[in-house]
């Protein structure tokens, strides 16, 4: 891939208020047309590899054809209702990653793709696509100096989201205590108390399980070098 295709112009869009700190902005990469066509062609082939190998879990609905958010929400509600029908207290944890796509760890991603059995040619293309990128920020027609991009996929690329959910496709394996529902970088995890004991004991058991779930999740976040957005992470009890 020519070096020029990796040099990008970055525009910062405010997430909420027009006047905000850099942490409250979303960096959008303005990519050249030819690399975007190349990414789309590669994405079609990469998705076929993922499908043939069954890598993406059924619990992930984000950025996938024929996987709708509405269906995932209905399944989430059905799971909670099923637990409640057994007179079991239920906790649902809603977890969000901090600047998810911007925190993608290059070395960890490439290593995980190899372990998944992704063909070497695909891994090499992704390595070239990710590494040695530069960007400069544009504000009112003024540009910053060139900055090396050492983490994260290009915001605005059609391939970044698919690479992100592939990188985290094994997250569910680290959370055996919960039933997980994913939509891209958002997770809803349903946890129920033990059945067959007094309700007060069920509530105590549920509290222990919820604590254990967050311990497991924090461990995964450390391994994946993917920080958690604690301000948007909530728990709901039913």
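The values are calculated or read from the model by the stated rules, or taken from the named source; none is laboratory data. Owing to the predicted nature of the structure, the values given are computational and were not obtained by experimental measurement. All Cβ positions, even for glycine, are placed from backbone atoms using ideal geometry, and neighbour counts span all protein chains on display.
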* Residue in region 40-72 that is surrounded by the fewest Cβ atoms within 10 Å (Cβ to Cβ), counting only those that are assigned to a helix (DSSP H, G or I) and in contact with a strand residue (DSSP E or B) (Cβ under 8 Å, 6 or more places away or on another chain) -> 69
* Structure fact -> Counting only strands (runs of 3 or more DSSP E) entirely within region 127-205, those with at least 3 residues that are touching a strand residue (DSSP E or B) at 6+ places or on another chain (Cβ under 8 Å) and surrounded by fewer than 17 Cβ atoms within 10 Å (Cβ to Cβ) are 133-139
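Every residue, every condition in (1) touching a helix residue (DSSP H, G or I) at 6+ places or on another chain (Cβ under 7 Å); (2) within 29 Å of residue 2 (Cα to Cα), yes or no:
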| residue | (1), (2) |
| --- | --- |
| 135 | no, yes |
| 143 | no, yes |
| 146 | no, yes |
| 159 | yes, yes |
| 178 | yes, no |
| 192 | yes, no |
| 199 | no, no |
* Residue check: is residue 31 modelled with pLDDT of 90 or more, crowded, with 17+ Cβ neighbours inside 10 Å and either at positive phi or in contact with a helix residue (DSSP H, G or I) (Cβ under 9 Å, 6 or more places away or on another chain) (or both)? -> no
* Being closer than 19 Å to residue 9 by Cβ and in contact (Cβ under 8 Å) with a residue 40 or more places away in the chain, is that true of even one residue in region 181-188? -> no
* **Test: residue in region 221-231 that is in a helix (DSSP H, G or I), without any contact (Cβ under 8 Å) to a residue 60 or more places away in the chain, surrounded by 14 or more Cβ atoms within 10 Å (Cβ to Cβ) and touching a helix residue (DSSP H, G or I) at 6+ places or on another chain (Cβ under 7 Å)** => no
